[in-house]
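The values are calculated or read from the model by the stated rules, or taken from the named source; none is laboratory data. The structure displayed is predicted, hence computed values, not measured ones. Methodologically, a virtual Cβ is constructed for each residue, glycine included, from the backbone with ideal geometry; neighbour enumeration extends over all protein chains shown. Ligands, DNA and RNA are excluded from the accessible area calculation, which covers all protein heavy atoms including side chains. Shrake-Rupley method; radii C 1.70, N 1.55, O 1.52, S 1.80 Å.
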Amino acid sequence: MDLLDYKRLADIYYYVIKTEKINGKLIFDRFYSDKEVTITLSATVWNLKDWKNYKKFSASLKIPKEKIKDFTEKEIKKILLTKLYKQVIKKYL
């Protein structure tokens, strides 16, 4: 399944997944080590039928330092969003 399929499933079951943004751009946290870069994306998730019961989710991606140049921001965004949606779907469905 791809990102669009996960988004449709979340919509069908009334789940809202709100990623953290500033001025309409996603906030990625980056952690650097000697060998790799870890990039994370966080979101708040709730069901429209039970909006008071929300949870925080995050997805991460580890990329070796020498390969970080091979990834565009758009690719990283798609990978992390897919992981985030997949995590939510697995938890609740």
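Assorted remarks:
- Residue count for region 56-88, restricted to those that are open to solvent by less than 80 Å² (accessible area, probe 1.4 Å) and either without any contact (Cβ under 8 Å) to a residue 60 or more places away in the chain or assigned to a strand (DSSP E or B) (or both): 14.
- Any chance Thr44 is open to solvent by less than 70 Å² (accessible area, probe 1.4 Å), out of contact with any helix residue (DSSP H, G or I) (no Cβ under 8 Å at 6 or more places or on another chain) and modelled with pLDDT of 95 or more: yes
- Output for region 23-43, where each listed residue is among the polar types (S, T, N, Q) and either touching a strand residue (DSSP E or B) at 6+ places or on another chain (Cβ under 6 Å) or under 17 Å from Ile79 (Cβ atoms) (or both): Thr38, Thr40, Ser42
- Filter result for the condition that a residue is open to solvent by 100 Å² or more (accessible area, probe 1.4 Å), among the basic types (Lys, Arg) and free of Cβ contacts under 8 Å to residues at least 12 places away in the same chain, over Lys35, Lys49, Lys18, Lys25: Lys25
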